[in-house]
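The values are calculated or read from the model by the stated rules, or taken from the named source; none is laboratory data. Note that the structure is a prediction, hence the values are computed from the model and not measured. When we count neighbours, we look across all protein chains shown, and the Cβ atoms used for this are built from the backbone with ideal geometry, even at glycine. For the accessible areas, the whole protein counts, side chains as well, though only heavy atoms, and no ligand, DNA or RNA atoms are used. Shrake-Rupley method; radii C 1.70, N 1.55, O 1.52, S 1.80 Å.
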Amino acid sequence: MALNGTGGYTGSEVSRVRSSHRFIPFVMASLAACFLLVGCGSGGDTAKDSGGTKPGDSTTQPDANKKKIVVGFSQIGAESAWRTANTQSIKDEAVKRGIDLKFLDAQQKQENQIKAIRSFIAQKVDVIAFSPVVETGWEPVLQEVKKAGIPVIVSDRRPDVPDDLYVTFIGSDFVQEGQRAADWLVKKTGGKAVIAELEGTVGSAPANDRKKGFDEVIAKNPGMKIVFSQTGEFTRAKGKEVMEALLKSPTGSQITALFAHNDDMAIGAIQAIEEAGKVPGKDITVVSIDGIHDALQAIIDGKLGCSVECNPLLGPPLFDAIEAVLAHKDLPKRTVMKDDQFDISNAAQVLPDRKY
Ligand code: GZL
């Protein structure tokens with residue numbers, strides 16, 4: 001799906017969203033002001049007597065009377081260290097900016113995210129943001145959001161919907177992450193490997209796109225063969241379970257390399273490799289994605305060869321976009337996060353300051 005392009009809420013749409021969405025509070029505020037003035041007329045003498053404004057008077061605390069931005073965020077779940085860091089970044093940023101964040105965890109279920117989005121519509125939040133657990137099945141509920149005049153910002157993973165159903169997408173380039181993992185593996189193995197692939201959650205954008213990027217590079221290298229590919233659901237436990245079963249199978253004895261779509265599955269698989277009496281980094285070369293603290297440690301320990309970073313600290317750019325939408329600023333359709341890459345050459349220097 002083309003992520004670039006000028007679709008999505010145009011300035012006028014956002015302003016239309018804003019005026020219909022903001023007009024009522026304006027009327028309420030004006031009415032309130034009238035009552036206050038009337039009130040002040042009777043009580044104003046006191047204020048006048050004191051020759052100044054009294055504590056609590058709106059003129060002394062403009063911020064205290066400024067309407068708080070209310071944001072509804074539907075999070076996928078808590079499946080990995082990456083997700084934990086992503087959630088923390090979003091919550092911390094809302095607190096830092098004094099934004100009222102209604103945060104709902106969907107526990108990996110799309111129906112829970114759809115319910116959450118509908119509840120945000122009912123609460124008339126100012127902006128709805130979410131990380132879609134899978135790519136498909138979002139059009140109906142996002143049409144409801146558009147009808148309600150609430151801007152939508154997509155973070156982390158993108159939905160497969162027409163561009164006009166969300167203002168902007170903020171996240172990494174998963175296809176490129178897969179390509180970078182494959183490039184490293186080709187170089188590391190001299191273009192000769194029998195590969196197992198642990199995929200992310202079925203139907204998710206990172207699983208689809210990382211596989212796409214990785215597999216297309218491997219296909220260009222005849223000495224590289226992918227002989228096994230199965231989901232490990234982005235978790236350590238499932239990654240270990242799938243790798244254990246693979247190593248017990250006839251195919252398992254041929255495996256010389258593993259590509260895991262995230263570090264948590266790689267770490268689980270490394271445990272399985274060791275428990276099977278093999279040496280990770282020697283018998284089986286391992287490459288993964290995310291760049292979490294434990295992956296850097298596994299690289300230093302010689303068990304993981306490379307982790308392509310996928311930056312989870314999306315809180316700041318997400319709330320920049322939220323404030324921009326409400327200020328009717330135009331936004332790019334897509335903001336791509338910058339991702340680093342870690343191997344034995346740089347993991348030790350990066351680890352001490354790793355935030356996640
Ligand atoms: C990527 C994110 C993925 C991470 C996993 O942006 O959606 O989901 O790579 C996480 O660790 O579970």
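Quick notes
- Listed here are the strands (runs of 3 or more DSSP E) enclosed by the stretch 271-351 that have at least 1 residues being outside the structural domain of Gly239 (by TED's automatic domain parsing) and farther than 27 Å from Thr256 by Cα: 334-336.
- When residues of the stretch 78-100 are limited to those that are closer than 16 Å to Ile267 by Cβ and crowded, with 17+ Cβ neighbours inside 10 Å, the one farthest from the ligand (Cβ to nearest atom): Ala85
- Residue check: Lys68 meets all listed conditions (1) of a type in the set (D, E, K, R); (2) outside any strand (DSSP E or B); (3) in contact with a helix residue (DSSP H, G or I) (Cβ under 9 Å, 6 or more places away or on another chain); (4) away from the ligand (no atom under 16 Å from the Cβ) but one, namely (3).
- Out of Ala257, Ala205, sole residue that is touching a strand residue (DSSP E or B) at 6+ places or on another chain (Cβ under 9 Å), away from the ligand (no atom under 16 Å from the Cβ) and on the phi < 0 side of the Ramachandran plot: Ala257
- Among (1) outside the structural domain of His261 (by TED's automatic domain parsing); (2) modelled with pLDDT of 95 or more; (3) at negative phi, the one test that Trp184 misses: (1)
- In this structure, Val134 does satisfy being within 14 Å of the ligand (Cβ to nearest atom), out of contact with any strand residue (DSSP E or B) (no Cβ under 7 Å at 6 or more places or on another chain) and either open to solvent by 10 Å² or more (accessible area, probe 1.4 Å) or part of a helix (DSSP H, G or I) (or both).
- Within the set Ala295, Ala321, the sole residue that is among the small types (Gly, Ala, Ser), open to solvent by less than 40 Å² (accessible area, probe 1.4 Å) and closer than 16 Å to Gln341 by Cα turns out to be Ala295.
- Of the residues examined, Ala196 is not one that is open to solvent by less than 10 Å² (accessible area, probe 1.4 Å) and part of a helix (DSSP H, G or I).
- Qualifying residue in the stretch 154-162 (condition: surrounded by 24 or more Cβ atoms within 10 Å (Cβ to Cβ), within 16 Å of the ligand (Cβ to nearest atom) and over 30 Å from Val242 (Cα atoms)): yes
- For the stretch 216-228, the count of residues that are within 16 Å of the ligand (Cβ to nearest atom) and either of a type outside the set (Gly, Ala, Ser) or not in a loop (DSSP other than H, G, I, E, B) (or both) is zero.
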